[in-house]
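The values are calculated or read from the model by the stated rules, or taken from the named source; none is laboratory data. This one's a predicted model, so the numbers in the text were calculated from it and none came from an experiment. So basically every Cβ, Gly included, is an ideal-geometry build from the backbone, and we count neighbours across all protein chains shown.
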Amino acid sequence: MAIEQQQQFLQQIAPFNELDDRALGVLAQQLDVVYFPVNARITVDSGENAFVYFVIKGHIAELADEVSAGPGVERAQNQLWRAHYAVRSFLGEQVVLNRKLGAQHFSVQEEAILYRLPAPAFTEALHSYAALKQFFEASLVERLNAMHASAQMTASTEIMMDTVCSAPIRALVEVDAKCSLQEAAQKMVALQSDACVVQLPDEVGERMGIVTSTDVLRALASTEFDQRMPVWKLANWPLVSVHEFDYLFNALLKITRHRIDRLVVRSDDGLRGFLTQKDLMGLFANQSGLALLKIEQAGSVADFKVVAQQIDELVVNLHRKGIKTHYIAKLVNELHRKLIEKLFEMWLPENLQERVALLVMGSEGRSEQVLRTDQDNALIFDGLSAAEVTQLQASMQSFTAALVEIGFPPCPGKIMVSNPRWCQSVEGFKAQLKTWFDRPTEEGFMHLAIFYDAQVVVGQQSYFERLRQLLLSRLRDNPMFLRHFAKAALQFDTPIGFFGGLKTDNQGGHARLDLKKGAIFPIVHGVRCLAMEAELTQTNTHWRIKALMDEGVLTEAFGIELGEALNYFNALRLESMLYGQSHGDDIVVDNALDVQRLSHLQQDLLKQALSVVERFKKLLQRHFKLHEVM
């Protein structure tokens, strides 16, 4: 019976859960049970103490090298721990895998009962079973992908992560430029389609366009209707398409962003058919599609408040299903932008709507905000009279108040459209940019970073484009500025020790580390600086990394690793914030990660990901010659 219990226990621990019953039985027979009281020490080395331990009960912390030999360290208020181990985690495998590490030392925080597996048995299993070998020898990217795949297998699959080809695709109708409206309509009826793809004449400048049943109805209602007219004259272009093996999630994003009713589905060999918004909504049912519909239907702040809460529920649902955080962020930011756009149009006087540009900045501008955090927005206007400026500023006060009521907290630094400093004319912002460059300060650096990450949500894109070009030209004229600007990426220590252990602070009896300062900010700001130097227009950090890989600034292997590390940090941060929300924390945004709540696998991945941050910092130091910057 004991062997069966031990086998069942191993079956609950990754990667041992990948083994068959026979392999688990072999390992279970070699386990024995050991007990350790509170404050006991456990040492794992390559000699007589060479074991891999599995925690049945209790809590164990690995001591950092700096304090492993000192007396009474378990009572330290600001202890440096390498890792924490709770029930169903394992420890000691690092020494067995790499004897050059020397020894690992652990302190028992709560009385512990453990299974102990001799090192030779673990090593033999590693060589005998491919699942174990792949797990322990996998790269960070491979292990993260496997973790997400496992989470998605455990949870019911979110429909949006299915591919486009799994959705109802309507028949493709293609006609040439000479085709008449009547002939095109007949083909659409014959194939039971409500749209057709039309080849366009050379003089149009686009190769293909689309004509829908709505376009045909509008033509029919026109006094100039002629069924013999060339159908291309009703066409809309350019075509917005999606690949058949792309995610339905990305299809929804495109329909949302372009405010269209259908996408053209393409394959590697050509066009396949149409995917309509109606069919997508039918698939998504009460998920993200419903939130989009409710934004379109909302007519009051109270309506928007309900939608915002539904978007938050969507975040929780997607995270539990193992969807990668940057996919969630893309969808959530698209929904937030539609909400902000409609709310802005409700508050902005109609006579001003053609002469302004509303920006979202910071994490919202980078499409990396998942939960609603501080507002970071600005308004650019041009050609307004003094009276119209006064009218605009009053409207922006109401707009900011409405966002707060919906659940977007005010920015502590007042980087909001309700602040005249962030609601200026094009010329006013030009003067502001000049000040940031000519009289650099820490605050100016922060404001410049936020502004560079901006995107226009509604209004005149050209207003912001003029300012961005000015910003880039100032950088070209003053290359030393960017070197000083980049130095901020190194201002916070990475919470990892020389030998790869986690550096944590004791906060209220919990071992915590600041994920934003120690992990997320160095990547986001470092990539931002490289993007500025390369004059990239992308705002999302993952898109910037991809563009830097294309430019040869980052190697493909390291770029992928850096992006996956960032995604993992954001996933841990989101999980921590959701945990705080579910336990009644008033503060939604908490960057202090409780390491003790992480599984063994999560802590191991965290250490690997933090080592990527260290390598990236060294790359920045070399690239910008930061050792020369005082």
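For this structure, a couple of remarks:
- Helices (runs of 4 or more DSSP H) wholly inside segment 1-102 containing at least 1 residues that are modelled with pLDDT under 85: 2-10, 93-97
- Looking only at segment 292-344, and only at residues there that are closer than 28 Å to L144 by Cα and of a type in the set (S, T, Y), the one that is surrounded by the most Cβ atoms within 10 Å (Cβ to Cβ): T325
- Residue within segment 469-486 that is within 30 Å of H258 (Cβ to Cβ) and touching a Leu at 6+ places or on another chain (Cβ under 7 Å) present: yes
- Pairing each residue of segment 109-124 that is of a type in the set (K, R) with any residue that is surrounded by fewer than 19 Cβ atoms within 10 Å (Cβ to Cβ), provided the two are 6+ apart or on different chains, yields C-beta distances under 9 Å for R116/D32; R116/V33; R116/V34.
A quick yes/no check of all residues on (1) hydroxyl-bearing (S, T, Y); (2) touching a Phe, Trp or Tyr at 6+ places or on another chain (Cβ under 6 Å); (3) surrounded by fewer than 19 Cβ atoms within 10 Å (Cβ to Cβ):
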{"site": "L392", "(1), (2), (3)": "no, no, no"}
{"site": "T400", "(1), (2), (3)": "yes, no, no"}
{"site": "V404", "(1), (2), (3)": "no, no, yes"}
{"site": "W422", "(1), (2), (3)": "no, no, no"}
{"site": "F464", "(1), (2), (3)": "no, no, no"}
{"site": "M480", "(1), (2), (3)": "no, no, yes"}
{"site": "K503", "(1), (2), (3)": "no, no, no"}
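- Of all the numbered requirements in (1) of a type outside the set (V, I, T); (2) on the phi < 0 side of the Ramachandran plot; (3) surrounded by fewer than 22 Cβ atoms within 10 Å (Cβ to Cβ), L566 misses one, and that requirement is (3).
- In the set (1) modelled with pLDDT of 85 or more; (2) in a helix (DSSP H, G or I), the condition left unmet by L554 is number (2).
Here's the yes/no breakdown for (1) in a helix (DSSP H, G or I); (2) under 37 Å from the mean Cα position of the chain (by Cα); (3) in contact (Cβ under 8 Å) with a residue 12 or more places away in the chain:
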| position | (1), (2), (3) |
| --- | --- |
| E183 | yes, no, yes |
| Q186 | yes, no, no |
| V189 | yes, no, no |
| Q192 | no, no, yes |
| E203 | yes, no, no |
| E224 | no, no, no |
| Q227 | no, no, yes |
| W232 | yes, no, yes |
| V242 | no, yes, yes |
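- Looking across A547, A609, one residue alone is surrounded by 18 or more Cβ atoms within 10 Å (Cβ to Cβ), within 17 Å of the chain's Cα centre (by Cα) and over 25 Å from D477 (Cα atoms). It is A609.
- Within segment 229-255, the set of residues being aromatic (F, W, Y) and either more than 19 Å from I210 (Cβ to Cβ) or buried (at least 22 other Cβ atoms within 10 Å of the Cβ) (or both) comprises W232, F245, Y247, F249.
- Looking across segment 489-542 at every residue that is among the hydrophobic types (A, V, I, L, M, F, W, C), part of a loop (DSSP other than H, G, I, E, B) and over 25 Å from the mean Cα position of the chain (by Cα), the one that is modelled with the highest pLDDT is identified as F498.
- All conditions in (1) surrounded by 15 or more Cβ atoms within 10 Å (Cβ to Cβ); (2) outside any loop (DSSP other than H, G, I, E, B); (3) at pLDDT below 90 hold for I260, with the sole exception of (2).
- Filtered residues of segment 571-591 (kept if modelled with pLDDT under 85 and surrounded by 17 or more Cβ atoms within 10 Å (Cβ to Cβ)): G580, D590, N591
- Residue in segment 436-450 that is touching a strand residue (DSSP E or B) at 6+ places or on another chain (Cβ under 8 Å), touching a residue at least 40 places away in the same chain (Cβ under 8 Å) and aromatic (F, W, Y) present: no
- Breaking point among (1) of a type outside the set (S, T, Y); (2) crowded, with 20+ Cβ neighbours inside 10 Å; (3) under 30 Å from I13 (Cα atoms), for P522: (3)
Listed here are the residues, each with its yes/no results for (1) free of Cβ contacts under 8 Å to residues at least 40 places away in the same chain; (2) under 26 Å from E364 (Cβ atoms); (3) touching a helix residue (DSSP H, G or I) at 6+ places or on another chain (Cβ under 8 Å).
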{"residue": "Q507", "(1), (2), (3)": "no, no, no"}
{"residue": "A511", "(1), (2), (3)": "no, no, yes"}
{"residue": "R528", "(1), (2), (3)": "no, yes, yes"}
{"residue": "E535", "(1), (2), (3)": "no, yes, yes"}
{"residue": "Q538", "(1), (2), (3)": "yes, yes, yes"}
{"residue": "K546", "(1), (2), (3)": "yes, yes, yes"}
{"residue": "T555", "(1), (2), (3)": "yes, no, yes"}
{"residue": "Y579", "(1), (2), (3)": "yes, yes, yes"}
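- Every pair of residues 6+ apart whose Cβ atoms lie under 9 Å, when the first sits in segment 365-386 and is over 9 Å from V417 (Cα atoms) and outside the structural domain of H447 (by TED's automatic domain parsing) while the second is buried (at least 22 other Cβ atoms within 10 Å of the Cβ) and among the hydroxyl-bearing types (S, T, Y): none
- Inter-residue pairs, beta-carbon under 6 Å, first under 23 Å from K57 (Cα atoms) and charged (D, E, K, R) and in segment 70-99, second modelled with pLDDT of 85 or more and assigned to a loop (DSSP other than H, G, I, E, B), 6+ apart: E74/N39; R88/I13
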